[in-house]
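The values are calculated or read from the model by the stated rules, or taken from the named source; none is laboratory data. Note that the structure is predicted; figures quoted are calculated from it, not measured. Every residue, glycine as well, gets a Cβ built from its backbone with ideal geometry; the counts of neighbours run over all protein chains shown.
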Amino acid sequence: MEEYRFARCGSIYPQQFDDPRAVVLQVDGLTPDENGICDVTDRLQSLLDSVKQHDRRGIVLIPEGVYCISRTVYLPRAVRMIGFGKSRPRFVLKKNTPGFQKAPEGEKGEAVYLFWFTGNMPAVEGTIQDANPGTFYSAVSNIDFKIEEGNPAAVVLRAHFAQHGFVSHCVFDIGEGKAGIFDVGNEMENLVFLGGEYGIYTTKCSPGWPFVLVESAFKGQRTAGVLSRECGLTFSHVEFSHMPAACVVEDGYWEKLFWKDCVLEQISEPALQISREDNSCTQINLRNVWCRDVPRLMRQKDSGREARGAKGAYWVSSLLHGDVFTLGEKEPQRETVLEAEPAGEIAPVFDREISDLPPQETWRNVREFGAVGNGEVDDTEALQRALDQCAAVYLPQGTYRVTDTLHLREGGALIGLNPITTQLVLWENTSAWAGMGAPKAVLESCRGGYNLLSGVGIDTAARNPRAVGCKWMAGKGSYCNDIKFVGGHGQITEQQENVPTYNPSRTADYDPDRPWDSQYWSLWITENGGGTFKDIWSASPYAEAGIFLSETSTPGVMYQVSVEHHVRHEILMRNVENWKFLGIQTEEEVAESSWCQPYELTNCRKLLFANFYAFRVIWVDNPYPSVVRAWNCQELEFLNCHNFTQMKYTMENLYQDGNTGEKAGFWQLAKLSIPAVVPDGRLPTEKGLLRKLTGGLDCVDALCEDGKGNLYLCDSRLKRIYRWDPESQRLTLLTSLHFRPLSLACDTQGRLLVVTEYKPVKGSVVNGREELSTDEFEGRDGGGCYYPFFSMDRRVRVAVMDPDYPEDSLAVLPVVPIEEVNPQVLWYPANQWRDSGDMMSSFSQRDTHCYPAPDGKTAVVHNPALARAVGLTPILPGKEIFLVDEYSKCVVEVHAEENFTLTNPRISIQRGEYSCAVAEDGTLYVPDCLLYECRKGKKQRAILMEDRPSAVLIAGREKEYLYITARCGFYALRLK
């Protein structure tokens, strides 16, 4: 068996799988030829179709052996064909097989195919529907193929599939045939292409996404290893040898190539031959490529310009061709830059990023531990027993109901073979995930060690507010592959081929009781989690974001990750370093994600994005500011950027800095660089000077300060909390959750107290009580119409969090009598909307309960006015405090008694909307369209602002600044 630098030709499944739902190809009753080979064309087709008809998705197993194919076999959507045995099974097209000498006239690929991935069952329906953007979960794995002589039009596979479609662990012995694969989609792994006119030739991937190929080899092609156009070829650990050209781009078409850690050897003509070289869509980036006997590295076919190589061995650290732009510059520059140097004659050893599955003989079937997998029986205990006792747990096809978090042990692996037929699922309203609280995962990795997860779907349903699909903390070298986070798009069940996503008007979920944006993230990588993630599809609109990476500097790489159809964010990152995202793509749909931010990055550095595709579907009918919004990020590279849509409103910018407002507005770039952050003092330095600190926000209001001088502000509509660091003078996104923050305070130990508007899902029961059945304020209506309407479907909750770990630390505070707590400070609603007109008399009704903070000194009052208040004011016994009567538009001064009773209310000034702040000299600052400065009840001056002011807070080491939230802007006024 020939050895290759990256590809491995041995069988990865030496044993048959113990899976009652899988079907196995048999040759009983078939007549073999003189070499003992049976023609299985009809039987295999019948088997594939029967799986599709019976279960709509599934697995067909091919035993070790040699089989003949004499006509095209059609592979239906969501059916996988997987080989097993000590040696891989092999399909052969015999010499001069009739029909494979000439392609039908007008055939797209100008070929005849042994196997054709389709979106239907042509043998049943009578028409061929090519695989397309809706062809999910189809695959061929661990099978070899051979085309014998006399079949010049033969191509082994036509593979135009979408998410979770792949081809892996195959050798294509093409010989005199045309190619191994025509048209590609999604990702492929560990393939060897021998001979043929091409190894692969392809048009644009069916969904328009980039294509990923890893750990593969091309050898001895007659024309080129790859012929392509508009495909976004993302190659890693791929070798090309003994051929005229490695990759030829069709005349008249652009292409985006990102190749890293590859080998080119004995390439007689220009290895890369590109077309439309002056078009901004043509983007070439090679990194870390070792070449030997490649005298002409790249040729620009239109002009004839070449990037020269050498006869001997050399190392290409970088080859770049296309438009280059650095944030802060005026316009891109067109560049062709080759960085190369002589190298030794022996190719270097490239570190692998893909983990092998554990040896199959070490796998233990979860059914041995009592798991049933019928979607009804609670399999949690059986699953956890298997995970605790076994290094490698195999999940046969089935639906495994879970009622508590499953934990992977250190070194453990969980393996399935098809994520649409092998799923961990929650029922709606599973009690362990009910109510408001910290994120809770369905599946949780070990911390810092090694884990492997492959071929599994995770379904958190819709009405489980605390749900995270997978929390990943495993370390470098860990592997997560072929994982579907189920929900929304791409669902196929035994009962239904296309489970509906939308209601008839395409404005909400098909089930009105399944709210969007009602859970945490589907995949959460945190606590220095890392490793390799490949072929991940996260498209559940019920999740707040598809992927959240936080607090990790462990190296990680993502290949062909698809994140789509979320309401507010596709991908969130915070405090992330040393990651690569290769062939990553996002997509927004009109119903759920017209206003979705594809990427939001906070405090990130040393990140690489390559073949970076951002797309909005044809139905979206609104503009949007940017693909990436970043807060305090630096040392980022975006290679081969493709920001596009089929309709008018492409996202305006590729990148936007949330603090400076700097933008990269060019939609097609070969390289976008985000340099190191240069500190820029923005706080006003002169008394009386007002300065805008940052803009581009949505509708910010509530403000508070911790003991370290950090400020916190919230954007309740977008459910965000920001942090302002006065040292760096930069704003960052602290957290984005799926409940609405209303107002903020800090306790004496720096914890953040967050008053939230929490919307219980239908049927939610916590501690034995249905959440919406509880009258939380015992009949108090808040002085008018607002709270009674609010309380029809919402509740007030006060949460506490550590700002350094806001999600993990989140907890809901109980309601207890104030006398039991005896706090030193009680935070009270800064503004009240009492359209009954009784605010002045309402203080006679003393508040008796509160939400106590963990410091034992701080509490938030339990009052229905919290439902509308946009800020909190501290009540200190014996002190005067100022509150805003929002309905009657005035500031009210009251006195706080020792027991926090508020007495002696009187109108201080006939202005006011949401808040006010009192300086040390007694000056009162009141936002009311303008910002009013008042003393002793009289207006001193009015300050006109660019944005309408909302909340004000005096802060700083010497209380020298008045901070102001003002709709889409954040400001500071120097007081001293």
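Numbers at a glance
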| quantity | calculated |
| --- | --- |
| Subset of the stretch 158-191 (residues that are over 29 Å from the mean Cα position of the chain (by Cα) and surrounded by fewer than 24 Cβ atoms within 10 Å (Cβ to Cβ)) | Val171, Asp173, Gly175, Glu176 |
| Residue within the stretch 779-786 that is closer than 14 Å to Leu866 by Cα, outside any loop (DSSP other than H, G, I, E, B) and at pLDDT below 95 present | yes |
| Subset of the stretch 547-587 (residues that are of a type in the set (Val, Ile, Thr), within 24 Å of Pro803 (Cα to Cα) and within 11 Å of the chain's Cα centre (by Cα)) | Ile547, Ile571 |
| Odd one out for Cys850, checked against (1) closer than 23 Å to Lys708 by Cα; (2) of a type outside the set (Asp, Glu); (3) touching a strand residue (DSSP E or B) at 6+ places or on another chain (Cβ under 6 Å) | (1) |
| Residue among Val92, Val79, Val66 that is touching a Leu at 6+ places or on another chain (Cβ under 7 Å) and of a type outside the set (Ser, Thr, Tyr) | Val79 |
| Complete set of residues in the stretch 940-968 that are out of contact with any strand residue (DSSP E or B) (no Cβ under 6 Å at 6 or more places or on another chain), small (Gly, Ala, Ser) and part of a loop (DSSP other than H, G, I, E, B) | Gly956 |
| Those residues of the stretch 325-374 which are assigned to a strand (DSSP E or B) and aliphatic (A, V, I, L, M), in sequence order | Val337, Leu338, Ala340 |
| Residue ranges of strands (runs of 3 or more DSSP E) in the stretch 789-895 with at least 1 members among the charged types (D, E, K, R), in contact with a helix residue (DSSP H, G or I) (Cβ under 6 Å, 6 or more places away or on another chain) and at pLDDT 95 or above | 880-885 |
| Residue ID - surrounded by the fewest Cβ atoms within 10 Å (Cβ to Cβ), chosen from residues in the stretch 918-953 that are touching a Leu at 6+ places or on another chain (Cβ under 8 Å) and either under 30 Å from His849 (Cβ atoms) or outside the structural domain of His849 (by TED's automatic domain parsing) (or both) | Val918 |
| Test for Tyr925: is it in contact with an Asp or Glu (Cβ under 7 Å, 6 or more places away or on another chain) and either outside any strand (DSSP E or B) or closer than 21 Å to Gly784 by Cα (or both) | no |
| Among the residues listed as Ser915, Ser908, the single one being in contact with a Cys (Cβ under 9 Å, 6 or more places away or on another chain) and crowded, with 21+ Cβ neighbours inside 10 Å | Ser908 |
| Subset of the stretch 409-430 [assigned to a strand (DSSP E or B) and buried (at least 24 other Cβ atoms within 10 Å of the Cβ)] | Ala413, Leu414, Thr422, Leu424 |
| Residues of the stretch 601-626 satisfying the condition of being in contact with a Lys or Arg (Cβ under 7 Å, 6 or more places away or on another chain) and surrounded by fewer than 24 Cβ atoms within 10 Å (Cβ to Cβ) | Asn603, Leu608 |
| The stretch 954-968 residues that are not assigned by TED's automatic domain parsing to the domain that holds Pro927, paired with ones that are part of a strand (DSSP E or B) and among the charged types (D, E, K, R) (beta carbon under 9 Å, 6 or more apart) | none |
| Subset of the stretch 238-290 that is charged (D, E, K, R) and part of a strand (DSSP E or B) - its residue that is surrounded by the most Cβ atoms within 10 Å (Cβ to Cβ) | Lys256 |
| Criterion (touching an Asp or Glu at 6+ places or on another chain (Cβ under 6 Å) and either outside the structural domain of Ser11 (by TED's automatic domain parsing) or under 21 Å from Phe136 (Cβ atoms) (or both)) met by exactly one of Cys446, Cys470, Cys390 | Cys446 |
| 3 or more residues farther than 21 Å from Pro332 by Cβ: qualifying strands (runs of 3 or more DSSP E) within the stretch 636-707 | 690-694, 703-705 |
